[in-house]
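The values are calculated or read from the model by the stated rules, or taken from the named source; none is laboratory data. Just so we're clear, the structure is a prediction, and the values are computed from it rather than from any experiment. Methodologically, a virtual Cβ is constructed for each residue, glycine included, from the backbone with ideal geometry; neighbour enumeration extends over all protein chains shown.
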Amino acid sequence: MNLEDFPEQIKKDIEDQSLELLEHIKDNIIVIGGWAVRALTSNKHSRYTLDIDGVTSPKNMREIESKLAALGLKGRKHEWGIQFYQKYNPHVKITEEMEEKLEKVELRIEISEPIIKESETHHYFEFSLTEFEEREIPYHMTKKKVKVKVPTSENMAAVKLGLPVDYKNNFDSQVLLEICDVEKVIETIKANDDWREMVIRRIPKLIGRLNDKNRIDYLLAINSHMDIKHHIKTMQYIEKSLQKK
């Protein structure tokens with residue numbers, strides 16, 4: 001069961017608790033992933049997100065560990081960085097059936113250095129720790145907002161197009177491309193190592209999923225009133241531009 005299958009109030013509760021954790025480290029990280037897309041695209045980003053993803057310099061990691069440990073989070077070290085986690089404790093009413101399904105749900109924060117590596121190749125994408133935008137993310141059940149530092153929409157679109165193909169990365173790249181300067185996205189892809197090769201490899205799969213009416217990728221796009229044909233043309237244009245020598 002993925003997050004999109006949970007009842008609405010539980011999804012909102014998970015996100016609000018996630019934002020409460022983010023409040024404590026927002027000055028130490030550049031937020032990437034789904035939360036960055038939410039910050040950049042506001043209510044256009046209609047999917048829910050479970051994890052906080054962020055990048056930082058190695059010197060900030062100890063302070064982050066200290067802050068999150070004080071909140072009761074545990075840490076798992078990975079070759080790419082550290083994943084902090086704690087069990088999700090619902091603040092809303094749930095049924096017995098849902099209690100069992102939520103037993104294994106964790107609130108997670110995944111933090112790494114600013115180079116995002118593709119697991120099976122040498123390809124990488126590097127975020128800047130000095131060039132960022134400040135945006136606000138609203139809570140669902142209160143009027144509070146958290147101010148975060150995020151990459152530009154062009155940087156986020158560039159990285160999302162080259163990540164492993166799933167409905168989250170597909171949807172995120174679509175909403176980002178709606179607000180991006182596409183030429184800047186192409187320049188950013190070319191400027192990051194050979195991330196270009198990753199994007200060329202992924203785009204046909206992204207398009208295939210958008211064309212499949214049985215996939216959540218298609219349903220999310222339709223429910224968000226997106227022009228799928230337009231998005232496919234945009235991705236095809238990016239692909240052809242990157243293929244030129």
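Checking the conditions here, which among K190, K184 is modelled with pLDDT of 95 or more and outside any loop (DSSP other than H, G, I, E, B)? Sole residue among the options that is modelled with pLDDT of 95 or more and outside any loop (DSSP other than H, G, I, E, B): K184. Screening S119 with (1) over 26 Å from E183 (Cα atoms); (2) part of a helix (DSSP H, G or I) gives one miss only, at (2). A39 meets each of the listed conditions (1) touching a residue at least 24 places away in the same chain (Cβ under 8 Å); (2) part of a strand (DSSP E or B) apart from (2). Restricting D217, D166, D172 to those that are charged (D, E, K, R), in contact with a Phe, Trp or Tyr (Cβ under 8 Å, 6 or more places away or on another chain) and under 23 Å from A39 (Cα atoms) reduces the list to D217. Taking only segment 1-27 into account, find how many residues are touching a Gly at 6+ places or on another chain (Cβ under 8 Å) and either surrounded by fewer than 18 Cβ atoms within 10 Å (Cβ to Cβ) or of a type outside the set (V, I, T) (or both). Count: 0. The set of residues in segment 216-245 being within 13 Å of Q174 (Cβ to Cβ), polar (S, T, N, Q) and assigned to a helix (DSSP H, G or I) consists of N223, T234.
Determine whether V199 is more than 25 Å from H123 (Cα to Cα), at pLDDT 95 or above and surrounded by 13 or more Cβ atoms within 10 Å (Cβ to Cβ). Taking the combined requirement at face value, the residue does not satisfy it.
Yes or no, residue by residue, for (1) part of a strand (DSSP E or B); (2) touching a residue at least 40 places away in the same chain (Cβ under 8 Å); (3) closer than 23 Å to I52 by Cβ:
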| position | (1), (2), (3) |
| --- | --- |
| R135 | yes, yes, yes |
| H140 | no, yes, yes |
| K149 | yes, yes, yes |
| K160 | no, yes, yes |
| V175 | no, yes, yes |
| E197 | no, yes, no |
| N214 | no, no, no |
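Counting only residues that are in contact (Cβ under 8 Å) with a residue 40 or more places away in the chain and in a loop (DSSP other than H, G, I, E, B), which one in segment 54-88 is nearest to V37 (Cα to Cα)? Looking at the filtered set, the residue picked out is T56.
Contact map, segment 104-128: residues that are surrounded by fewer than 18 Cβ atoms within 10 Å (Cβ to Cβ) paired with residues that are assigned to a strand (DSSP E or B) and polar (S, T, N, Q), Cβ distance under 7 Å, separation 6+ or inter-chain. Pairs shown: E106/Q86. Every listed requirement among (1) part of a loop (DSSP other than H, G, I, E, B); (2) of a type outside the set (A, V, I, L, M); (3) closer than 17 Å to W80 by Cβ; (4) free of Cβ contacts under 8 Å to residues at least 40 places away in the same chain is met by N169 save one, (1).
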